[in-house]
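One structure is given below, encoded as structure tokens.
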Amino acid sequence: MNAPEAQRITLKFDALTPAPGAMEVPVGVMLPRTYWQTVGVRLARDPYTAACAFILLAIAGAAVLAPWLGLPDPAATNAAQRLLPVGSSGHLLGTDELGRDMLSRLIHGGRLSLTMGVLPVAVALAIGGTLGLVAGFIGGRTNMLVMRLTDVLYAFPSILLAVAIAGSLGAGVGNALLAITIVFIPPITRVTESVTTQVRAMDFVEAARASGAGAFRIIRTHILGNVMGPVFVYATVLVSVSILISAGLSFIGLGASPPTAEWGLMLNTLRESIFLAPLNAVLPGFMIFITSMCFNLISDGLRSAMDVRL
Amino acid sequence: MTPLLSVRGLRKYFPVKSERFFAPRQMVQAVDDVSFSIEAGETLGIVGESGCGKSTTARLLMRLIAPDAGEVDFAGRPVLTEDGLSLRDLRRNMQMVFQDSYASLNPRLAVQGSIAFGPRAHGVPGPKATAKARELLSLVGLDPDQFGRRYPHELSGGQRQRVNVARALALDPRLVILDEAVSALDKSIEAQVLNLLMDLKARLQLTYLFISHDLNVVQYISDHVLVMYLGKAVEVGSVEDIYHRPRHPYTQALLASRPTMDPEVKLERSPLTGDPPNPINPPPGCRFRTRCAFAEDVCGRVEPALTSCGATEHAVACHMHVPDSGHSRRQ
């Protein structure tokens, strides 16, 4: 037997009986204190997630700061400069079919498009998450009632349902937001309910009940933390779906109305120019693609960062 | 002297989903009319095959599930009656350690947080509860500075089970239910945790209800033993009576099935054949008669009651030990 092997065996026995110092943390590795700090550190170390977060922050930052960036007025038309190609002087990304500056419209459009991506998901998360949590924790008849009601909404394809709701409420950004929110409540309720039911059945919840704690305290300390992860990951995926649905609603005239800058709407109005200036026509679609892609990749990164056992 | 815990006629039937829509609702008779008592400071072991109702009994006592029938007195006070012990008081005095050391700890909570949860739920302020948790960690042999902030997945099975023991002790209970608490551990670790349990029992004047399928472990730790078969108590007595003078054929078969360290002793025949009958439709009369070598007519007609034999607390539910039962081997 050579020396390194002998050493390895000693180490193994050390691990069995924890002597002081035997389990010391390697130098340079900080033991993070809370679970969310651990997740944060892991996310920052994941190159794809970091890159996506950077892109999203850039898009969102530009959208928020749009009025102060010194961009041309996104609504100013110029009949003489219609459909200038990408790279024209004065119009970095060209102009659209009414001669409006594309770069300015894309950045300004991000304000509405990102809002329509995030807001319905956030509201649906609050409503559906609460419903699912309550249904999953109480179980029995309450669960049955809540879940069968969400099943009713589940019967329709999400885009069709959004179109139907937005159509019946009338065109407009507010109604489109409301429609998408309603569409997202059932899936979020269902995911939350299923995770809550799983967590609730685990021994540590049983042990918490055995300690005599009340339902609210058990949910806060033991259920919420374990349910939030998977639900949050799912919600991040929904953001990209939400951007796509809102773009779709605008495209068919049920969301934002002209001359508002919004990616879906821009895609619609530029559609007729696709043979004259294909690159210009594709740009809003590219923005939608990049944004939803980034949300999807971040959700993937979040999923692996949240798995403590990895 | 009043026993610390006294259980009379505990019963739980679980409804089973029937296969056909209009089929009559069937019930699994998980725990059927079980009675026992535990004196303060002693350890009662419950043994039996899997599915005999050991864990259900533990959960019923903790009121994690509601019993269908039965009375429970804790320290002479009836549990959950008008002027009796409230659920909160019961759970402060009675705690439980689960079998699966990993599943019984919240993966998102540092272990000292898990231990402090119980006291906090009972109104102890945060810093004080954490201090108590750290004190308990050192009591179960884990350095609080080294382990307190760790997460369950960063600990070994034995360390996790120590944390679970600490958590159960956090409310200063008088009775601790150990539901297969050492069964999932390696033999060497199991011995360490068992010794820790014995040590804690002496230091904190605890009373244990020790549930296990491992006959050797039960013999080692228990003062009294209750043998269960298919939801029924078949024999109860002191550890000497059960292990050295077993009366019930099932207890005898269980003991005979233990592997021995003596190479000269060879088991020629399996002491028990077949599986326990379906608890949905347990056989009428004695539930063990389908596997019993001494079964007679009377065993199918009359259910044997737990009957005291001799002057000790040794009691057995078998017609062979009931006077005038009509069994030909009546001893």
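Six or more apart or on different chains, Cβ atoms under 7 Å: show the pairs whose first residue is in the range A:226-243 and hydroxyl-bearing (Ser, Thr, Tyr) and whose second is outside any helix (DSSP H, G or I).
none
Within the group A:166, A:135, which residue is in contact with an Asp or Glu (Cβ under 8 Å, 6 or more places away or on another chain), hydrophobic (A, V, I, L, M, F, W, C) and surrounded by 20 or more Cβ atoms within 10 Å (Cβ to Cβ)?
Working: A:166 fails: in contact with an Asp or Glu (Cβ under 8 Å, 6 or more places away or on another chain).
A:135 is the lone residue from the list that is in contact with an Asp or Glu (Cβ under 8 Å, 6 or more places away or on another chain), hydrophobic (A, V, I, L, M, F, W, C) and surrounded by 20 or more Cβ atoms within 10 Å (Cβ to Cβ).
Residues in the range B:240-251: is at least one exposed (fewer than 14 other Cβ atoms within 10 Å of the Cβ), out of contact with any Cys (no Cβ under 6 Å at 6 or more places or on another chain) and in a loop (DSSP other than H, G, I, E, B)?
No.
Please find, within the range B:75-88, the residue that is surrounded by the fewest Cβ atoms within 10 Å (Cβ to Cβ) out of those that are more than 14 Å from chain A (Cβ to nearest Cβ) and either touching a strand residue (DSSP E or B) at 6+ places or on another chain (Cβ under 9 Å) or closer than 17 Å to residue B:175 by Cβ (or both). Step through it out loud before you land on a result.
Taking the range B:75-88 as the starting set, the residues that turn out to be more than 14 Å from chain A (Cβ to nearest Cβ) are B:75-78, B:81-84.
If we keep only those that are either touching a strand residue (DSSP E or B) at 6+ places or on another chain (Cβ under 9 Å) or closer than 17 Å to residue B:175 by Cβ (or both) too, we end up with B:75-78, B:81, B:83-84.
Working: B:75: 14, B:76: 11, B:77: 15, B:78: 14, B:81: 12, B:83: 6, B:84: 15.
Applying the filter and picking the extreme gives B:83.
Of the conditions (1) surrounded by 16 or more Cβ atoms within 10 Å (Cβ to Cβ); (2) within 12 Å of chain A (Cβ to nearest Cβ); (3) of a type outside the set (Phe, Trp, Tyr), residue B:71 satisfies every one except a single condition; which number is it?
That leaves (2) as the condition not met.
Scan (1) touching a helix residue (DSSP H, G or I) at 6+ places or on another chain (Cβ under 9 Å); (2) more than 22 Å from residue A:221 (Cβ to Cβ) for the single condition residue B:136 breaks and write down its number.
Failed condition: (2).
Quick one: which of B:263, B:259, B:271 is more than 23 Å from the chain's Cα centre (by Cα), surrounded by fewer than 13 Cβ atoms within 10 Å (Cβ to Cβ) and modelled with pLDDT under 85?
Details: B:259 fails: more than 23 Å from the chain's Cα centre (by Cα); B:271 fails: surrounded by fewer than 13 Cβ atoms within 10 Å (Cβ to Cβ).
One residue alone meets the criteria, B:263.
Would you confirm whether any residue within the range B:113-121 is assigned to a loop (DSSP other than H, G, I, E, B) and of a type in the set (S, T, N, Q)? Please lay out each step first, then the result.
At the first step, the residues of the range B:113-121 found to be assigned to a loop (DSSP other than H, G, I, E, B) are none.
Taking every residue of the range B:113-121 in turn, none turns out to be assigned to a loop (DSSP other than H, G, I, E, B) and of a type in the set (S, T, N, Q).
Among the residues of the range A:56-95, how many are of a type outside the set (S, T, N, Q), part of a helix (DSSP H, G or I) and without any contact (Cβ under 8 Å) to a residue 40 or more places away in the chain?
Pass one, the range A:56-95, residues of a type outside the set (S, T, N, Q): A:56-76, A:79-80, A:82-87, A:90-94.
When the remaining residues are screened for being part of a helix (DSSP H, G or I), the result is A:56-68, A:79-80.
Next, from what is left, pick out any that are without any contact (Cβ under 8 Å) to a residue 40 or more places away in the chain: A:57-58, A:61, A:65, A:67-68, A:79-80.
Summing the residues that are of a type outside the set (S, T, N, Q), part of a helix (DSSP H, G or I) and without any contact (Cβ under 8 Å) to a residue 40 or more places away in the chain in the range A:56-95 gives 8.
Is it fair to say residue B:273 is outside any helix (DSSP H, G or I) and among the hydroxyl-bearing types (Ser, Thr, Tyr)? Break it down stepwise before answering.
Working: outside any helix (DSSP H, G or I): yes; among the hydroxyl-bearing types (Ser, Thr, Tyr): yes.
Spelling it out, residue B:273 is indeed outside any helix (DSSP H, G or I) and among the hydroxyl-bearing types (Ser, Thr, Tyr).
Tell me which residues, restricted to the range B:290-321, are out of contact with any helix residue (DSSP H, G or I) (no Cβ under 9 Å at 6 or more places or on another chain), assigned to a loop (DSSP other than H, G, I, E, B) and without any contact (Cβ under 8 Å) to a residue 12 or more places away in the chain.
Once the filter is applied, which keeps residues that are out of contact with any helix residue (DSSP H, G or I) (no Cβ under 9 Å at 6 or more places or on another chain), assigned to a loop (DSSP other than H, G, I, E, B) and without any contact (Cβ under 8 Å) to a residue 12 or more places away in the chain, the range B:290-321 yields only B:311.
Can you say whether residue B:71 is touching a Lys or Arg at 6+ places or on another chain (Cβ under 8 Å) and more than 21 Å from residue B:208 (Cβ to Cβ), as far as the supplied structure shows?
Values: touching a Lys or Arg at 6+ places or on another chain (Cβ under 8 Å): yes; more than 21 Å from residue B:208 (Cβ to Cβ): yes.
Here the answer is yes, as residue B:71 does meet what is asked.
So which of B:223, B:199, B:214, B:172 is surrounded by fewer than 19 Cβ atoms within 10 Å (Cβ to Cβ), modelled with pLDDT of 90 or more and under 30 Å from residue B:317 (Cα atoms)?
B:223
For the range A:199-213, give me the residue count where each residue is more than 7 Å from chain B (Cβ to nearest Cβ) and either assigned to a loop (DSSP other than H, G, I, E, B) or of a type in the set (D, E, K, R) (or both). Can you show your working first?
Kept after step one, since they are more than 7 Å from chain B (Cβ to nearest Cβ), are these residues of the range A:199-213: A:199-201, A:205.
Filter once more, keeping what is either assigned to a loop (DSSP other than H, G, I, E, B) or of a type in the set (D, E, K, R) (or both): A:200-201.
The qualifying residues number 2.
Tell me, please, whether a residue that is among the charged types (D, E, K, R), under 25 Å from residue B:253 (Cα atoms) and under 17 Å from the mean Cα position of the chain (by Cα) can be found in the range B:42-53.
Filtering the range B:42-53 down to residues among the charged types (D, E, K, R) leaves B:42, B:49.
With the extra rule that they be under 25 Å from residue B:253 (Cα atoms), the set shrinks to B:49.
Those still in the list that are under 17 Å from the mean Cα position of the chain (by Cα) too: B:49.
Taking every residue of the range B:42-53 in turn, at least one turns out to be among the charged types (D, E, K, R), under 25 Å from residue B:253 (Cα atoms) and under 17 Å from the mean Cα position of the chain (by Cα).
Condition test on residue B:178, is it surrounded by 21 or more Cβ atoms within 10 Å (Cβ to Cβ) and within 22 Å of residue B:93 (Cβ to Cβ)?
So residue B:178 passes the test.
A quick yes/no check of all residues on (1) under 19 Å from residue B:107 (Cβ atoms); (2) more than 12 Å from chain A (Cβ to nearest Cβ); (3) in a helix (DSSP H, G or I); (4) more than 25 Å from the chain's Cα centre (by Cα):
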{"residue": "B:132", "(1), (2), (3), (4)": "no, yes, yes, yes"}
{"residue": "B:142", "(1), (2), (3), (4)": "yes, no, no, yes"}
{"residue": "B:159", "(1), (2), (3), (4)": "yes, no, yes, no"}
{"residue": "B:164", "(1), (2), (3), (4)": "yes, no, yes, no"}
{"residue": "B:168", "(1), (2), (3), (4)": "yes, no, yes, no"}
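Quick test for you: out of B:250, B:243, pick the one residue that is in contact (Cβ under 8 Å) with a residue 12 or more places away in the chain, aromatic (Phe, Trp, Tyr) and under 25 Å from residue B:13 (Cα atoms).
Numbers: B:243 fails: under 25 Å from residue B:13 (Cα atoms).
The unique qualifying residue is B:250.
Being under 25 Å from the mean Cα position of the chain (by Cα), more than 8 Å from chain A (Cβ to nearest Cβ) and polar (S, T, N, Q) is the filter here; which residues of the range B:100-130 pass it?
Within the range B:100-130, B:101 is the sole residue that qualifies.
Determine whether the range A:239-252 contains at least one residue that is more than 20 Å from the chain's Cα centre (by Cα), modelled with pLDDT under 85 and not polar (S, T, N, Q).
The answer is yes, given that some residue of the range A:239-252 is more than 20 Å from the chain's Cα centre (by Cα), modelled with pLDDT under 85 and not polar (S, T, N, Q).
Checking residue A:298 against (1) more than 16 Å from residue A:116 (Cα to Cα); (2) surrounded by fewer than 23 Cβ atoms within 10 Å (Cβ to Cβ): exactly one of these is not met. Which one?
Of the numbered conditions (1) more than 16 Å from residue A:116 (Cα to Cα); (2) surrounded by fewer than 23 Cβ atoms within 10 Å (Cβ to Cβ), the odd one out for residue A:298 is (2).
Quick check, is residue A:148 among the charged types (D, E, K, R) and modelled with pLDDT of 90 or more?
On the way: among the charged types (D, E, K, R): yes; modelled with pLDDT of 90 or more: yes.
Yes: the conditions hold for residue A:148.
Can you tell me which residues in the range A:77-102 are surrounded by fewer than 20 Cβ atoms within 10 Å (Cβ to Cβ), touching a helix residue (DSSP H, G or I) at 6+ places or on another chain (Cβ under 9 Å), more than 17 Å from residue A:272 (Cα to Cα) and aliphatic (A, V, I, L, M)?
A:86, A:92
What is the residue count in the range B:89-98 for residues that are facing chain A (nearest Cβ under 8 Å) and under 17 Å from the mean Cα position of the chain (by Cα)?
Summing the residues that are facing chain A (nearest Cβ under 8 Å) and under 17 Å from the mean Cα position of the chain (by Cα) in the range B:89-98 gives 4.
How many residues are crowded, with 20+ Cβ neighbours inside 10 Å and facing chain B (nearest Cβ under 7 Å) if we restrict to the range A:222-251?
2
The values are calculated or read from the model by the stated rules, or taken from the named source; none is laboratory data. All figures in this text were calculated on a predicted structure; none of them were measured in a lab. Counting neighbours? That spans all protein chains shown, and the Cβs are built from the backbone with ideal geometry, glycine included.
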